[in-house]
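Asks: I am attaching a structure below and will ask some questions about it afterwards.
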């Protein structure tokens, strides 16, 4: 079978690997769709790593199952679950699995023709397409971000960063019944900005052309109830803190990929305005898969609009270069069978 291997930055090649055989508790899956994540793009551009496999936003068809597997069967369409609770740590034992300290990870090797994994990492999606199934994992990030951001009926929300996660969060905010939805995203990202407007953004701000803090203070002098940050926290959190209302919430999922990162805040204002700052982390994401499947089935998240470009596995190099170098044209890129 063919599988993609990466050496970072900027190299990807296909290799022939032996066809895996499922052991007890495992299932063999033919990968039908695997999304290129924003972290994949950032890594491809700027990280340094020796040859390894990648790919964690995947869905496919079960080809064979090992002894003892009962949750899936041959022929099932399944989405790959990114992480599941350990059921052993203190948080799990007290019934708060979303705060699991040691989630079990699927890993990342789904840019391949086949993967063989423990069946507990497979979620049947009989009512979805493979591309919808591949959106399940990133959609749980958006679900958790909106939940952690305390977005409610009538809320005023600022979304900083309208990549695929941000766009899905935008739709979920509209589904929640927010009264006003502001989006900050670079003016060069034409495709994503068009989708942001189509999916319900009231006002678009362009950080490459204007001071979004000053603009938001003009639009909402008392601040917004929730700020959802999907860009680098060192940039987004300091902006968010200046436009958040008294008692408001900032939730962020953006990553810096550094052991330590400085954030500039007027800490006294932050303190006296009683602002809540939440690091949003969807893991273990298995808890959110049923809700994600429902949003996709009901077309709250329309995969056909979000996924704008598709490449076969043997063109995965082209897929990554396109996603990296022509980001302004991209909604979501999928590698498909």
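Asks: Return the equivalent ellipsoid semi-axes of the stretch 109-199 as a descending list in whole Å, where each equals the square root of 5 times an eigenvalue of the C-alpha gyration tensor.
Replies: Working from the Cα gyration tensor, I get semi-axes of 29, 17, 11 Å.
Asks: Of all DSSP beta bridges in the chain, what percent run antiparallel (nearest 5)?
Replies: 55
Asks: To one decimal place, what orientation-averaged projected area in nm² is obtained for the convex hull of the Cα set of the stretch 35-117?
Replies: The Cα convex hull of the stretch 35-117, projected and averaged over all directions, gives 7.5 nm².
Asks: Taking the structure as given and computing semi-axes √(5λ) of the Cα gyration tensor in Å, which label from (1) 34, 24, 24; (2) 35, 22, 19; (3) 48, 26, 22 fits?
Replies: Here the calculated entry is (2).
Asks: What is the list of residues in the stretch 306-327 whose amide nitrogen lies under 18 Å from a point 7 angstrom out from the Cα of residue 255, following Cα to Cβ?
Replies: 324
Asks: Let me ask something additional. Applying 1/(1 + (r/R0)^6) with R0 = 51 Å to the Cβ-Cβ distance of residue 269 and residue 71, what FRET efficiency is obtained, to the nearest 0.05?
Replies: 0.50
Asks: Quick check: Cα centre of the stretch 77-117 to Cα centre of the stretch 230-302, how many Å?
Replies: That distance is 22 Å.
Asks: Treating each Cα of the stretch 1-145 as an identical point scatterer and ignoring solvent, apply the Debye formula and state log10 I(q)/I(0) at q = 0.20, 0.21 Å⁻¹.
Replies: The Cα Debye sum returns log10 ratios of -1.26, -1.31.
Asks: Separate question: What does the convex hull of the Cα atoms come to per residue for the stretch 150-279, in Å³?
Replies: Per-residue hull volume (Cα only) is 100 Å³.
Asks: Further question on the same structure: Can you quote the Å³ per residue value for the convex hull of the Cα atoms in the stretch 24-63, rounded to an integer?
Replies: 97
Asks: To the nearest Å, what is the center-to-center distance of the stretch 9-67 and the stretch 141-207, using C-alpha atoms only?
Replies: 30
Asks: For residue 94 and residue 208, calculate 0.36 nm times their separation in residues minus their Cα-Cα distance, and state this gained length in nm to one decimal.
Replies: 36.4 nm
Asks: Given the stretch 264-314 reduced to its alpha-carbon atoms as identical point scatterers, what log10 I(q)/I(0) does the Debye formula return at q = 0.27 Å⁻¹?
Replies: Normalising to I(0) and taking log10 leaves -1.03.
Asks: Taking the Cβ of each residue in 184, 238, 286, 179 as the centre, tally the other Cβ atoms inside 10 Å and list the residues starting with the fewest.
Replies: Fewest-to-most Cβ neighbours within 10 Å comes out as 179, 238, 286, 184.
Asks: For the residue pair residue 329 and residue 52, what label-to-label distance in nm results when each label sits 7 Å from Cα along the Cα-to-beta-carbon direction?
Replies: Result: 3.0 nm between the two label points.
Asks: What residues from the stretch 137-167 fall in the zone where the backbone N is under 20 Å from a label point 7 Å along the Cα-to-C-beta line of residue 310?
Replies: Counting backbone N atoms under 20 Å from the label point, the list is 137-139, 164.
Asks: What is the ratio of the Cα radius of gyration of the stretch 208-330 to 2.2 N^0.38 Å, where N is its residue count, to two decimals?
Replies: Dividing the Cα radius of gyration by 2.2 N^0.38 Å gives 1.35.
Asks: To the nearest 500 deg cm²/dmol, what mean residue ellipticity at 222 nm is calculated for the chain from DSSP H runs of n ≥ 4 alone, each contributing -39,500 (n - 2.57), summed and divided by the residues?
Replies: Helices in the chain give a 222 nm mean residue ellipticity of -8000 deg cm²/dmol.
Rule-based calculations on the coordinates, nothing more; no lab input. Everything quoted here is computed from the prediction, not taken from an experiment. Don't worry about glycine lacking a Cβ; one is built from the backbone with ideal geometry, like all the others, and counts go over all protein chains shown.
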